[in-house]
Amino acid sequence: MGKFTKIPLDTFEGLQLDAGVILRTFNVAEPAASIEGDIICATTGGIEIKAVPNYSDMGEDVDNCPNNMKELKKLDYWDCSMTFTGIGVSPEFIKLSLGAADIETGNTGKVTPRADLKQTDFQDIWWVGDRADGGMVAVKLLNALSTEGFGLKTEKNSKGQIETTLTGHVSITAQDVVPIEIYSVAPSI
């Protein structure tokens with residue numbers, strides 16, 4: 001083995017395993033509490049979570065200024081998103097995928113898109129996954145709203161799939177809060 005052909009001693013503890021689950025609510029302080037009733041839908045193909053910073057180079061139009069000078073770099077905003085393909089067709093998941101929609105009261109199962117956006121359409125959504133050491137990784141997407149709309153794909157001898165992209169949004173009441181929280185928690189003893 002070469003001098004630099006090694007891995008960190010804590011590699012095992014830091015591995016994230018399997019696809020995890022998408023949840024309506026989650027309590028990081030009490031992860032052992034049942035999550036069954038809060039799972040939004042089953043997924044296929046994994047879940048992709050991104051937090052992408054968008055920068056401006058304040059020196060890009062300044063004569064003789066090198067590109068990407070660190071003192072002139074400005075963080076403008078973050079694009080935070082969660083993308084997954086759900087294989088459930090509950091009215092609640094369809095509404096989540098539509099974004100601006102209502103579920104008819106009663107037992108009709110009818111979900112109707114709306115022409116206007118309500119503040120109640122935004123909701124915090126969690127993804128929680130396992131760590132190899134028995135701990136967990138959790139991501140909370142704040143003020144999430146579907147931004148790619150609803151699309152149901154069906155195939156012969158297959159399950160219907162709804163591709164969903166949720167985008168986190170900044171609130172006017174907390175303008176300095178980036179709309180994502182990320183946790184990597186070791187197992188409790």
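Observations on the structure shown:
- Over 27 Å between alpha carbons, listed pairs Lys3/Lys50; Lys118/Lys140; Lys50/Lys156: Lys3/Lys50; Lys50/Lys156
- Computed over the chain with a Gaussian network model linking Cα atoms closer than 10 Å, the most mobile of Glu148, Glu48, Glu71 is Glu71.
- Residue with peak Gaussian network fluctuation, the chain [Cα springs, cutoff 10 Å], from Asp121, Asp176, Asp38: Asp176
- Of all aspartates and glutamates in the structure, the ones whose alpha carbon falls short of 14 Å from that of Lys110, not counting any fewer than 8 places away in one chain, are Glu92, Asp102.
- Å² of accessible area per residue within the chain, as computed with a 1.4 Å probe and no ligands counted: 66
- Element breakdown for the range 118-183 at a 1.4 angstrom probe: carbon and sulfur atoms account for 47% of the accessible area.
- Whole-number percent relative contact order across the chain, with pairs defined as alpha carbons under 8 Å at least 6 apart: 23
- Counting DSSP beta bridges with both ends in the chain, the antiparallel % (nearest 5): 100
- Taken over the C-alpha atoms, the range 10-66 has Rg and Dmax values of 20.3, 60 angstrom.
- Taking the chain as a Gaussian network of alpha-carbon nodes connected by springs under 10 Å, the highest mean-square fluctuation of the residues Thr164, Thr25, Thr11 belongs to Thr11.
- Over the chain: Rg over Rh, Cα atoms, Kirkwood Rh: 1.06
- Using a Förster distance of 25 Å, the FRET efficiency for Val178-Leu117 (Cβ separation, nearest 0.05): 0.70
The values are calculated or read from the model by the stated rules, or taken from the named source; none is laboratory data. Small disclaimer: the values here were computed from a predicted structure and weren't measured. Virtual Cβ from ideal backbone geometry, glycine too; neighbours counted across all protein chains shown. For accessibility, only protein heavy atoms count, side chains too; no ligands or nucleic acids. Shrake-Rupley method; radii C 1.70, N 1.55, O 1.52, S 1.80 Å.
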